[in-house]
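Shown next, in structure tokens, is the structure this report addresses.
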Amino acid sequence: MNLPTQERILERAAGPGVAVLALGLLLIILQAAGLAFWQGFVINIGIFLILVLSLNLSNGFTGVFSLGHIGFMALGAYTSAILTLPLHEKQEYLPNLPTWLAGTHFDFRLGSFPVGFLAATLIAALLVSLVALLVGLVLMRLSGHFVAVATLGFLVIIRVLLFNADNLTRGSRTFSNVTPYTNLWWVWAWALLTIYIVWRVKQSPMGRAMYAQREDRWSAQSIGIEVMPPRLFAFVVSAFFTAVAGSLYAHFITSFSPTVFYFDLTFKVITMLVVGGMGSVSGSIVGTVLIVGLSEALRRIEDPTQLYGISGIVLAVLFILIIIFRRDGLLGQREIALDRLFMKGGGTGGEPYITNAD
Amino acid sequence: MKYKIFALFVIATLFLSACGATPAGGGGGTQNSIKIGGGFALTGDESSLDLPAANGAKLAVKEINAAGGVLGRQIDFIIHDTKYDMSVTAQVAKQFVEQDKVIAVIGFTDTDSVLASGPTIQAAGLPFITAGATSPKIPTQVGDMMFLACFGDNVQAAAGAEYAFKNFGKNGYLLWDKGVEYTTLLGSYFKSRFTELGGTLLLEDSYDDKATDFSAQIAKAKALPQQPDFYYIAAMPYNVGPVVKQFRDAGLTAPIVGGDGYDTPDILSVAGSAANGVWFSTHALMDASGGTEGIKKFITAYNKEYGHDPENAFAALGYDSVYLLADAIKRAGSTDAQAIKKALEETKDFSGITGSITFAPNSHVPQKGVTLISIKDDKFTLGAEVVPEKVPAP
């Protein structure tokens, strides 16, 4: 093994660099054109991308199939929204907050930069990670169907908690008048960070341990790979980013109730994950863009044809076809290797390709 | 090879969404038409209310256009389905403002959809009339361009409470769906008016949204030492059938009282004759024989257009919303948003088929009477027309 030279590193960085620049250019154009609808569309892609990638980290990489992640999103959304709600709105809509919370308001800015929103998002994400750590200590000992059912239970518990913590969440009533901080830049900065982190985790020894214990727990343990640490790590990190997505969602839609964070959303995210390919970072990106884009395109077809509801049917059929003919999703576990785009000699000496194990 | 197929797939998707971007925006209107947006959840959980509302609104637009339009211009009514998905709802609001360039928006029969779309429409400074979202808090939550075409939940809950107190007795029972804002508010307004009148709630109970089994609640009600004179059940349209049927099947025969969530054909098709003895407050009785002149005319027109009678009062509310807006545009004499808003606020004794609409100063929730419907012989019949004596604060 040769150590990578500076030239090699530059070559590797060129591909992702070009992609990020292209994305940046797209965002600048959208921002300058002031097209709120298409900005909203791209923001939706970004939020779902964070959700799908973080779910991939847990479900795809470790094979511990969680159905409870939307619960983390709900916690992130509510926590950050309670924190950023301006004082006068708090008195109006959340009059029964405990005093220490009633006085906090993360609506401060540094110049025009909403530091409070960043802080609230981080606090929410860290708190949710802590919850995930506690939950994960118990649930990550389970495998297969058991973990799916247990995490589903977690989702239901969170929903019931949100309904009944009336003083904090307004219960079943819609939590409204959240300040709309979320814009293109917030979403895509977080999305890029998520992509980077998830990608790095995949290539790290921890990531390899995740794969090893997923494919064959006994063999992995027999060569000294512990099962619990990689699982727990994946669960907590993915909860962190799911909570971030929740915070972004809350400050984008600006009104929501516990009903939003339930089965519908859970399965929408899982669909994107499965269509793209569990275990593939670029698969998650493809799956998200594909499903969000297709939903929008089909919605546009509904209006002139008057075939309302057709988009749901088409998506369902597509999903079934993918499950039948490409069981591992469009990309399986393969990656579109952006880092080899500009590498001479086909990129030998780079990091090993993950090939489809099946 | 596989990569190529996949790349084609992605390109096709992007192409499709790009295609979608251009044509739908224009709608079918002429250059000079007045564009009005109609946001409705035509599919999803609210569709049994939103679909009739959208049909009613379309009928009104057709009539107005046939009669020469408003200010000599035709109305171009642009409908988008929001799928009862809040992300889509928020996007549709932006679509109305930015791509369809409408001058006003009407639609929706539920609070969540209005709150998800309202801020965008408010920020664009366009008038927004909700056909059937009955939370009286909506105008303060959204802003000064927001209007209701229907009464607030505090009004219908007070009407139900007063009627039940006088006619059924002062020992009540309250059950509500704790998963939804509408039912939670309705239940709490009912409780506040009923106890104010001197009534006692023998039991207050709740269930999870979309529950299908109410045996736990029924067991608790049956175990009461004294049986209540009536049951007030605040339920969503998709729950009313099962909850009523299960109460009756368990042998609980006292009247069941509810709000306008009961105004769906589902209650008759699901609960069947078990629905007899149900009383609920709503906007109008859609009955060709018992209704007012306006309702009879509306039902005939609706039947001619769609081949069946209006499903419920939300059809009439959609219809009224369009006429209410058209009336305001006419009086404003222009399509300027602020002028329309001012004209809407000055609306006085506008005679809609769901009742006469007047906006009191500083209120964007109309003062309207409430229709109480009684289900008898497997049919909706007019129980009473009520104007509540006192209404709980929103």
Could you tell me which residue of region B:108-129 is surrounded by the most Cβ atoms within 10 Å (Cβ to Cβ), considering only residues that are in contact with a helix residue (DSSP H, G or I) (Cβ under 6 Å, 6 or more places away or on another chain) and within 16 Å of residue B:259 (Cβ to Cβ)?
B:109
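Would you point out which residue out of B:275, B:343 is in the same structural domain as residue B:260 (by TED's automatic domain parsing) and either under 19 Å from the mean Cα position of the chain (by Cα) or of a type outside the set (Phe, Trp, Tyr) (or both)?
Values: B:343 fails: in the same structural domain as residue B:260 (by TED's automatic domain parsing).
From the options B:275, B:343, the qualifying one is B:275.
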Among residues of region A:115-134 being buried (at least 21 other Cβ atoms within 10 Å of the Cβ) and of a type outside the set (Gly, Ala, Ser), the residue farthest from residue A:70 (Cα to Cα) is A:117
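Look through region A:282-296, keep the residues that are hydroxyl-bearing (Ser, Thr, Tyr) and either within 16 Å of residue A:41 (Cβ to Cβ) or at the interface with another protein chain (Cβ under 10 Å from one of its Cβ atoms) (or both), and return whichever of them is farthest from the chain's Cα centre (by Cα).
Of the residues in region A:282-296, the ones hydroxyl-bearing (Ser, Thr, Tyr) are A:282, A:284, A:288, A:295.
Cutting the leftovers down to either within 16 Å of residue A:41 (Cβ to Cβ) or at the interface with another protein chain (Cβ under 10 Å from one of its Cβ atoms) (or both) gives us A:288, A:295.
Numbers: A:288: 10, A:295: 18 Å.
Filtering region A:282-296 for residues that are hydroxyl-bearing (Ser, Thr, Tyr) and either within 16 Å of residue A:41 (Cβ to Cβ) or at the interface with another protein chain (Cβ under 10 Å from one of its Cβ atoms) (or both), the one farthest from the chain's Cα centre (by Cα) comes out as A:295.
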Taking region B:171-206 and keeping residues under 22 Å from residue A:257 (Cα atoms) and among the basic types (Lys, Arg) leaves B:178
Residue tally, condition without any contact (Cβ under 8 Å) to a residue 60 or more places away in the chain and either more than 9 Å from chain A (Cβ to nearest Cβ) or over 17 Å from residue B:260 (Cβ atoms) (or both), over region B:30-51
7
Of the conditions (1) touching a helix residue (DSSP H, G or I) at 6+ places or on another chain (Cβ under 7 Å); (2) crowded, with 23+ Cβ neighbours inside 10 Å; (3) more than 10 Å from chain B (Cβ to nearest Cβ), residue A:299 satisfies every one except a single condition; which number is it?
(3)
Residue list for region B:36-64, restricted to those being in contact with an Asp or Glu (Cβ under 8 Å, 6 or more places away or on another chain), crowded, with 20+ Cβ neighbours inside 10 Å and not in a helix (DSSP H, G or I):
B:36, B:37, B:40, B:41, B:42, B:43, B:46
Considering residues of region B:89-102 that are within 21 Å of the chain's Cα centre (by Cα) and more than 7 Å from chain A (Cβ to nearest Cβ) only, the residue farthest from residue A:259 (Cα to Cα):
B:96
Please work out if residue A:93 is within 14 Å of another protein chain (Cβ to nearest Cβ) and among the hydroxyl-bearing types (Ser, Thr, Tyr).
yes
What are the residues in region B:143-184 that are more than 14 Å from chain A (Cβ to nearest Cβ), assigned to a loop (DSSP other than H, G, I, E, B) and touching a strand residue (DSSP E or B) at 6+ places or on another chain (Cβ under 8 Å), if any?
B:145, B:149, B:150, B:151, B:168, B:170
Taking region A:67-118, which residues are in contact with an Asp or Glu (Cβ under 7 Å, 6 or more places away or on another chain) and closer than 21 Å to residue A:187 by Cβ?
A:84, A:116
Which of the residues belonging to region A:301-316 are closer than 24 Å to residue A:39 by Cβ, free of Cβ contacts under 8 Å to residues at least 40 places away in the same chain and in contact with a Ser or Thr (Cβ under 8 Å, 6 or more places away or on another chain)?
A:301, A:302, A:311
Taking into account only those residues within region A:144-174 that are of a type in the set (S, T, N, Q) and more than 13 Å from chain B (Cβ to nearest Cβ), which is farthest from residue A:65 (Cα to Cα)?
A:167
Given (1) assigned to a loop (DSSP other than H, G, I, E, B); (2) more than 14 Å from chain A (Cβ to nearest Cβ); (3) in contact (Cβ under 8 Å) with a residue 12 or more places away in the chain; (4) surrounded by fewer than 22 Cβ atoms within 10 Å (Cβ to Cβ), where does residue B:225 come up short, assuming only one miss?
(3)
Considering A:279, A:332, which residue is away from chain B (no Cβ under 12 Å) and at positive phi?
A:279
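Taking the conditions exactly as written (modelled with pLDDT of 90 or more and either closer than 27 Å to residue B:32 by Cα or surrounded by 14 or more Cβ atoms within 10 Å (Cβ to Cβ) (or both)), does residue B:384 satisfy them or not? Talk me through it step by step, then tell me what you get.
Numbers: modelled with pLDDT of 90 or more: no; either closer than 27 Å to residue B:32 by Cα or surrounded by 14 or more Cβ atoms within 10 Å (Cβ to Cβ) (or both): yes.
Spelling it out, it is not the case that residue B:384 is modelled with pLDDT of 90 or more and either closer than 27 Å to residue B:32 by Cα or surrounded by 14 or more Cβ atoms within 10 Å (Cβ to Cβ) (or both).
Could we say that residue A:247 is within 15 Å of the chain's Cα centre (by Cα), in contact (Cβ under 8 Å) with a residue 12 or more places away in the chain and within 11 Å of another protein chain (Cβ to nearest Cβ) here?
Values: within 15 Å of the chain's Cα centre (by Cα): yes; in contact (Cβ under 8 Å) with a residue 12 or more places away in the chain: yes; within 11 Å of another protein chain (Cβ to nearest Cβ): no.
In short, no.
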Scanning region A:273-318 residue by residue, those assigned to a helix (DSSP H, G or I) and of a type in the set (Gly, Ala, Ser) turn out to be A:276, A:282, A:283, A:284, A:287, A:293, A:295, A:297, A:311, A:312, A:316
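Listed here are the residues, each with its yes/no results for (1) within 19 Å of the chain's Cα centre (by Cα); (2) surrounded by fewer than 20 Cβ atoms within 10 Å (Cβ to Cβ); (3) in contact (Cβ under 8 Å) with a residue 40 or more places away in the chain.
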position: B:294; (1), (2), (3): no, yes, yes
position: B:315; (1), (2), (3): yes, no, yes
position: B:318; (1), (2), (3): yes, no, yes
position: B:322; (1), (2), (3): yes, no, yes
position: B:325; (1), (2), (3): yes, no, yes
position: B:359; (1), (2), (3): yes, yes, yes
position: B:372; (1), (2), (3): yes, no, yes
position: B:393; (1), (2), (3): no, yes, yes
Could you check region B:298-394 for strands (runs of 3 or more DSSP E) lying wholly inside it with 1 or more residues that are of a type in the set (Phe, Trp, Tyr)?
B:350-352, B:379-386
Test: residue in region A:259-267 that is surrounded by fewer than 24 Cβ atoms within 10 Å (Cβ to Cβ), in contact (Cβ under 8 Å) with a residue 60 or more places away in the chain and not in a helix (DSSP H, G or I)
yes
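Just to be sure, is residue B:233 in the same structural domain as residue B:208 (by TED's automatic domain parsing) and in a strand (DSSP E or B)? Break it down into steps so the answer makes sense when it comes.
Values: in the same structural domain as residue B:208 (by TED's automatic domain parsing): yes; in a strand (DSSP E or B): yes.
Here the answer is yes, as residue B:233 does meet what is asked.
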Top-ranked residue of region B:131-141 - restricted to ones that are crowded, with 24+ Cβ neighbours inside 10 Å and of a type outside the set (Gly, Ala, Ser), ranked as nearest to residue B:363 (Cα to Cα)
B:138
Listed residues A:154, A:163; which is assigned to a helix (DSSP H, G or I), at pLDDT below 95 and among the hydrophobic types (A, V, I, L, M, F, W, C)?
A:163
Run down A:167, A:183, A:177 and say which single residue is out of contact with any helix residue (DSSP H, G or I) (no Cβ under 8 Å at 6 or more places or on another chain), more than 17 Å from residue A:62 (Cβ to Cβ) and touching a residue at least 40 places away in the same chain (Cβ under 8 Å).
A:167
Within region B:103-130, how many residues are among the aliphatic types (A, V, I, L, M) and either under 18 Å from residue B:363 (Cβ atoms) or within 13 Å of chain A (Cβ to nearest Cβ) (or both)?
7
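The values are calculated or read from the model by the stated rules, or taken from the named source; none is laboratory data. These numbers were taken from a predicted model, which means no experiment stands behind them. When we count neighbours, we look across all protein chains shown, and the Cβ atoms used for this are built from the backbone with ideal geometry, even at glycine.
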